[in-house]
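Structure, as structure tokens:
Laboratory data are not the source of any read-out in this text; all were calculated from the coordinates shown. Worth saying up front: this structure is predicted, and the values here are computed from it rather than measured. We place every Cβ from the backbone using ideal geometry, glycine too, and count neighbours over all the protein chains shown.
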Amino acid sequence: MSNKMFSYVLDGEIAVITFDEVGNKMNTWSNEAFDSFTEVIEEVKALADKKEIKGAVIISGKPYTFLAGADLNVLVQATESRETCKNDISSMHEIFNALADVSVPTLAAINGHCLGGGLEFALACDARIAKKSKTTVLGLPEIGVGVFPAGGGTSRLLRLIGTPAIDLVLKSKNLGADEALKLGVVDKCVEEDADLLDEAKTFLNEICDKKVVLNRVEHDFSNIDEVVEEARKGVMKKARGRLLPAPKGYLQVVQEGANLPLEESLELEKKQYVDVATSNETKGSINTFMLTSFGADAKKFITKGYEPRTIKKAAVLGFGTMGRGIVIDVINRANIPVVVKDRAEAFEPGMAFVEKILTGMHKKGRLKGEVADYMNLIIPVTEYTDDFKDVDIVVEAVFEDIKVKEQVYSELCEVISDDCILASNTSYLSVDELANMVKNPERFVGMHFFSPVWLMKLIEVIKSNQTSQNIVDDTLGFVATLRKRPVICNDGPGFVVNAVLDPFMSGGITYLDEGNRIETIDTAMVKFGNAVGPIRLMDEVGIDVSHHIFTSRNLGFKTVENMYNAGRYGLKKNGKGFYKVDGTPDEEVYELVDKKEEVIRTEEEIAMEILTNQVKEGKRILDANIVDDVRMIDMGMIFGTGYPTDKGGPMKWSDIIGLSEKLYGEKFYK
């Protein structure tokens, strides 16, 4: 018989159930898929009860996907209503339990992605066989999305392989076929060139005829309390003292359900899942996951039908911290020659640094070729030589001084071709103003990389008021080659990321000036979910850097100026900053604070004020049409500054907690 997504045929005494979501590259769980499988499994169960079949194989109709988990849209809808969430998870349990209750052996034949609800589906079968292909990946990645495996995966995997399941789930680990076999997640592997269905039917016949006995161990969970407590400590250490709803709910099910009958443990899963899935942190985490897909491919933002030019040769001006990082990224990702211009004395330390980073990548298997081959792509020059004549794109990364850049552009434009893309890595200077300094300003664009460039996946692509759309599209093509997520914006103070980050940094100094303790300010933001607070971040980035930025933008923070003049450039710069080496605030710093009228705040007030000011800045960016999509702001903050993933970005978080409606009467995400 045939259904919309699930169908089955009889092959002798074996029912072969196929899942193929026609029109989609991957099979996912949706309400339609649930309904389709329910019809099929009821018929298969009836055949089994009548002894008309002796077993059933479940296989995908897709070449590279078994089942990739739940449809994200279904998950998003479920988070908005406890009743919807409860109904959805109950439906999943009903069909998985129906599969588990089939009176004949069932076998999942896995090729390709078998993740989340896909693996939970396979775990409800009696056995699993997997093809050893590059695309075969098994895992329960739900924690990374803000939920936990609650379709039976928590309880069934724990009983199948024991406490190693905890690490797999908490770390969202993916397994290849061989590793899954070693751990006992699958029962047999076949070679990549094997016919999976034929192998599955043979294996199932052996199981049915008792020629193969499945290895099932009765695990001892007498020490589950100790194991869970150790896992809980590990989670909280990684999350800087926070225990988010997803790992908390998962560990509670494991601890309370490990020694219960499976049926009772499954009920715990359902109950905990509703609490977790409808939490604010889960809503934020899901938005982060969706933003991951939103910006993953820069090509999707290129004008439809336009074919961006191929960048065959690049140039980088400046071989300092940012210049070196850009060079590493270009030779690694684009694998093209790069002309590097700087003073002669910059090349020895610069080349040594690039080689050191590439050597580290090579040791970790992250380079396709040899280090020497990549180093040979670098063409170091101290003058504007003929090497610039056939360059397709120049990325300027010289000192952030507008007069310095003006001089550089004047000399550069004499040697590059008229259609060469000219990009600036400026982090805050006006791109509109810089464009006026170059010949053919329509080919000028901002490309603000984030440090360390070879690790950070974000880039801001800033259009001046003269940049042509073709240049924007060509730049995006290059960004795609570099595998970065583009925040595409018009010019404006701080562009997007630095503009929204500013209330975080300046707020920290403001609260310090108003009499709040350094540890109170930083702890407030760490508890909110940031890796560090604003004062600690300034210490790590460099107080000298912050002083230069604040001065150039006429923000005039006297405390920062006092620190700079006192020779305190930051703990990591010269060992003198806001903090001491032992990690405690330096009490001598308070003598340098530009004391204002005292306004003492709680940690909660500090976190909320900074969020509010960041949201107001985001609203300004939207109103000024610097970006026309709120997702650009949240993507920039998450992937550019490490904004807490469970918040989904400041704009989304303001929607979730009602702040946006309080401030503006509506949500940012429609």
By how many nm would the segment from LYS572 to ASP49 grow when fully extended, if each residue of separation counts as 0.36 nm and the alpha-carbon distance is taken off? 181.2 nm
Just to confirm the filter: which trypsin sites (Lys or Arg not before Pro) across region 372-425 are DSSP coil and have at most 14 other Cβ within 10 angstrom of their Cβ? LYS389
Please determine, in degrees from 0 to 90 and to the nearest 10, the orientation of helix 196-208 with respect to the longest principal axis defined by the Cα atoms of the chain, where the helix direction is its Cα long axis. 40 degrees
Going by average Cβ neighbours within 10 Å, how do the peptides 496-504, 27-35 rank, with the highest at the top? 496-504, 27-35
Cα lying deepest toward the dipole's positive end in the chain, options ALA177, GLY112, MET538, charges on Cβ: ALA177
Sequence-distant residues sharing a close amide H with LYS580 (under 5 Å, placed H): ASP586
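Taking the mean number of other Cβ atoms within 10 Å as a proxy for protection, how do you rank 249-257, 176-184 from highest to lowest?
Details: 249-257: 22.7, 176-184: 17.8.
In decreasing order of mean packing, 249-257, 176-184 become 249-257, 176-184.
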What whole number of Å gives the distance from the Cα centroid of region 591-606 to the Cα centroid of region 169-197? 56 Å
Any chance you could check the Cα centroid distance between region 394-410 and region 336-353 for me, in angstrom? 17 Å
If you work out semi-axes √(5λ) of the Cα gyration tensor in Å from the coordinates, which of (i) 51, 31, 23; (ii) 90, 34, 21; (iii) 76, 26, 21 do you get? (i)
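May I ask you to list the GluC sites (Glu not before Pro) in region 567-666 that are in a DSSP loop and have at most 15 other Cβ atoms within 10 Å of their Cβ? Intermediate results must be reported in sequence, preceding the final value.
On the way: sites: GLU587, GLU588, GLU591, GLU597, GLU598, GLU603, GLU604, GLU605, GLU609, GLU617, GLU661, GLU666; in loops: GLU597, GLU598, GLU666.
Counting only loop positions with at most 15 other Cβ atoms within 10 Å, the GluC sites (Glu not before Pro) in region 567-666 are GLU597, GLU598, GLU666.
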Enumerate the amide H contacts of GLY55 below 5 Å, restricted to partners 5 or more residues apart or on another chain; note that Pro and chain-start residues carry no placed amide H. ALA15
Once you put a point 7 Å from the Cα of ASN562 and another 7 Å from the Cα of GLU230, both along the Cβ direction, what distance in nm separates them? 5.0 nm
Would you work out if region 498-605 is rounded, prolate or oblate? Take a ≥ b ≥ c from the square roots of the eigenvalues of the alpha-carbon gyration tensor; rounded if a/c is under 1.5, else prolate when a/b is larger than b/c, oblate otherwise. rounded
Find, among the GluC sites (Glu not before Pro) in region 383-442, those assigned to loop by DSSP (not H, G, I, E, B) with at most 10 other beta-carbon atoms within 10 angstrom. GLU383, GLU414
Assuming R0 = 41 Å, can you tell me the calculated FRET efficiency for the pair ASP178 and ASN465, based on Cβ-Cβ distance, to the nearest 0.05? 0.15
What ³J(HN,Hα) values, in whole Hz, does the Karplus curve 6.51 cos²θ - 1.76 cosθ + 1.60 give for region 375-389 when θ = phi - 60°, with x put for Gly and Pro? 4, 5, 6, 7, 10, x, 9, 10, 10, 7, 8, 5, 4, 7, 5
The chain, relative contact order [Cα under 8 Å, separation at least 6], %: 10 percent
Of all DSSP beta bridges with both partners in region 311-492, the antiparallel percent, nearest 5, is 15 percent
For an R0 of 30 angstrom, estimate the FRET efficiency from the Cβ-Cβ distance between ARG309 and ASN73 and round to the nearest 0.05. 0.25
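Subtract the Cα-Cα distance of GLU206 and GLU348 from 0.36 nm times their separation in residues, and report this length gain in nm to one decimal. Don't jump to the answer; show the numbers that get you there.
Numbers: separation 142, 0.36 × 142 = 51.12 nm, distance 6.64 nm.
My answer for the length gained is 44.5 nm.
Using a/c under 1.5 as the rounded threshold, could you call region 1-140 rounded, prolate or oblate? The axes a ≥ b ≥ c are square roots of the C-alpha gyration tensor eigenvalues, and prolate needs a/b larger than b/c, oblate otherwise. Can you show the working numbers first?
Details: a/c = 1.77, a/b = 1.26, b/c = 1.40.
Oblate is the answer for region 1-140, as a/c is 1.5 or above yet b/c matches or exceeds a/b.
If packing is taken as the average number of other Cβ atoms within 10 Å across a peptide's residues, how do 472-483, 541-552, 627-638 rank, most packed first?
On the way: 472-483: 21.4, 541-552: 18.3, 627-638: 23.8.
Peptide ranking by packing, descending: 627-638, 472-483, 541-552.
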Rounded to the nearest 10, the angle in degrees between the Cα long axis of helix 630-641 and the longest principal axis of the Cα atoms of the chain comes to 80 degrees
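Roughly how big is the chain's charge dipole about its Cα centre, with Cβ charges of +1 (Lys, Arg) and -1 (Asp, Glu), in debye to the nearest 20?
Working: 80 positive and 104 negative charges, 116 e Å.
I would put it at about 560 debye.
Please report the antiparallel percentage of DSSP beta bridges with both residues in the chain, rounded to the nearest 5. Intermediate results must be reported in sequence, preceding the final value.
On the way: 16 of 64 bridges.
Once the DSSP bridges in the chain are tallied, antiparallel ones form about 25 percent.
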Cα gyration tensor shape for region 81-146, rounded if a/c is under 1.5, else prolate or oblate: oblate
Grab the DSSP H runs of the chain that are 4 residues or longer, score each as -39,500 (n - 2.57), total them, divide by all residues and round the 222 nm result to the nearest 500 deg cm²/dmol. -14000 deg cm²/dmol
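How much FRET efficiency would the formula 1/(1 + (r/R0)^6) give for GLU80 and GLU39, where r is the Cβ-Cβ distance and R0 is 35 Å, rounded to 0.05? Let's see the in-between values first.
Working: r = 28 Å, r/R0 = 0.80.
Result of the calculation: an efficiency of 0.80.
Here are some pairs, LYS131/LYS201; LYS527/LYS647; LYS62/LYS131; LYS527/LYS572; LYS188/LYS211; which of them have Cα atoms lying more than 18 Å apart in this structure?
On the way: LYS131/LYS201 14 Å; LYS527/LYS647 12 Å; LYS62/LYS131 13 Å; LYS527/LYS572 23 Å; LYS188/LYS211 14 Å.
In this structure, LYS527/LYS572 lie more than 18 Å apart at Cα.
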Just to check I understand the Karplus step: with θ = phi - 60° and J = 6.51 cos²θ - 1.76 cosθ + 1.60, what whole-Hz values come out for region 328-343, glycine and proline as x? 4, 5, 5, 5, 6, 7, 8, 6, 10, x, 10, 7, 10, 10, 6, 5
The alpha-carbon center of region 417-457 and that of region 496-510 are separated, in whole Å, by 23 Å
Taking Cα atoms, how many degrees apart are the long axis of helix 31-49 and the longest axis of the chain, rounded to 10 and kept between 0 and 90? 20 degrees
Please compute the modelled spin-label separation between LEU197 and VAL404, points set 7 Å along Cα→Cβ, answer in nm with one decimal. 6.6 nm
